[in-house]
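Right, one structure below, let's go through it.
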Amino acid sequence: MIGGVHPRVLGYLGRALSLEYSSVQQYMTHASLVELWGQTDAAERFRQETVEEIRHSERIVQQMLQLGVAPAASQLRPVRAASNLAQLLRLNMELEADLIQHYAEASRFCLMMRDEANGSFFRRLWEEEQQHAVDLDIWLQELDPNGASGAEQRATF
């Protein structure tokens with residue numbers, strides 16, 4: 001235990017930071033890409049998602065600092081691009097599903113370890129990422145009413 005915090009919790013925080021930074025990078029890139037396509041409304045929505053993920057990253061950094069560890073994202077995922085907006089949304093839903101799964105796992109671990117403070121922290125992020133996924137799913141359904149929904153990708157804890 002590092003400063004009373006289980007090392008695995010610190011691992012979950014580091015991985016969360018990597019996933020959130022990866023999301024920032026992907027949303028930012030997608031905003032620029034759709035803007036090149038002339039889809040300024042979509043670009044603005046992706047920029048709003050970028051800001052949300054930056055806020056999550058900042059909260060993770062603050063949590064790590066409060067726990068007495070230096071924030072460090074280990075590895076960013078490469079940005080994935082596509083040839084149309086619906087495909088970009090599906091890619092973003094995959095990344096959101098990974099975040100949801102990660103936060104659910106971290107929450108379950110903290111629950112098992114009776115670490116209520118960190119468990120609550122991860123649960124709040126889990127809830128917010130679930131809402132992001134719902135919002136992306138609604139957006140995708142508006143674009144492609146006959147397309148596959150990503151709703152089945154959500155994790156529970």
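Each value in this text was obtained by applying a stated rule to the coordinates, not by laboratory testing. Just so you know, these numbers come straight off a predicted model, no measurement behind them. Counting neighbours? That spans all protein chains shown, and the Cβs are built from the backbone with ideal geometry, glycine included.
Some points to look at:
- Selected from ASN118, ASN92, ASN146 as most flexible by GNM, with the chain as the system and alpha-carbon contacts under 10 Å: ASN146
- Local electrostatic count at GLU52 - Lys and Arg +1, Asp and Glu -1, tallied over other residues with Cβ under 12 Å: -4
- When shorter helices are ignored and each DSSP H run of at least 4 residues is given -39500 (n - 2.57), the per-residue value for the chain at 222 nm works out to -26000 deg cm²/dmol.
- Summarising the label geometry, the points placed 7 Å from Cα in the beta-carbon direction at ILE54 and LEU91 lie 2.1 nm from one another.
- Highest mobility in the GNM of the chain, judged by mean-square fluctuation with C-alpha springs under 10 Å and restricted to SER18, SER120, SER107, is found for SER120.
- Of THR29, THR50, THR40, the one that fluctuates the most in a GNM where the chain has Cα springs shorter than 10 Å: THR40
- Here volume of the Cα convex hull per residue in Å³ was computed from the coordinates, and among (i) 91; (ii) 110; (iii) 121 the match is (i).
- Shown is the FRET efficiency for ALA82 and THR40, computed with R0 = 25 Å from the Cβ-Cβ distance and rounded to the nearest 0.05: 0.85.
- On the basis of the beta-carbon distance and an R0 of 30 Å, HIS6 and GLN131 show a calculated FRET efficiency of 0.60.
- The slack between ILE138 and SER32, meaning 0.36 nm per residue of separation minus the straight C-alpha distance, is 36.0 nm.
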